[in-house]
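Asker: The structure follows.
FYI, it's all coordinate maths here, none of it is from the lab. None of these values were measured; they are calculated from a predicted model.
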Amino acid sequence: MKKLTGTSIIEIVIATALISVSIIAALSLMNRSQKQNTYARQLAEATKYATQASDWIKTERNILGWATMASLPDGTYCLNVLPVDFTEIISGECDATDYIDSTNFQRQIEILKTSDPVNNLDAVKITIKVSWMENVKRQAIIEMELNTW
């Protein structure tokens, strides 16, 4: 009787299963990596828009002075377009259709005035939120505090 050599069907099935698992794992890793890259790119752009608003607010404070900055009422303001003058910002949250020009980002600020009579210090706390949709709502947030000077 002659002994047959070669690959059995069980060996072929096991080898195919191992190769399939390896390919699926690699594809899954690439998909996750692509999602992370997209999120990082979006977060960097949102942070750019938040920083732009922060710089604009500081510049307006330097131009208009503390009294103008402190005269705005507490609340939320939609800031998708940076107005020429800080006093021209419109009160209220951004609508669902309010976006920064040619983007999918919305930018709004929240103003909260604080006072510390013991240290004779007045401050305005400003929170800048830039949000976008990416399966879920994402946000980049910058908090700043402006003091009397």
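Asker: Running a GNM on the chain with Cα contacts under 10 Å, which residue among 90, 100, 12 ends up with the highest mean-square fluctuation?
Answerer: 12
Asker: Measure nothing fancy, just the Cα-based angle from helix 9-64's long axis to the longest principal axis of the chain, in degrees from 0 to 90, nearest 10.
Answerer: 10
Asker: Another question, if that's okay. Tell me what the chain gives for mean residue ellipticity at 222 nm when only DSSP H runs of n ≥ 4 count, each as -39,500 (n - 2.57), the sum divided by the residue total, rounded to 500 deg cm²/dmol.
Answerer: Calculated from helices alone, the mean residue ellipticity at 222 nm is -15000 deg cm²/dmol.
Asker: Still on this model: With all distinct Cα pairs included, what does the Kirkwood hydrodynamic radius of the chain come out to in Å, to one decimal, could you say?
Answerer: Its Kirkwood hydrodynamic radius stands at 19.3 Å.
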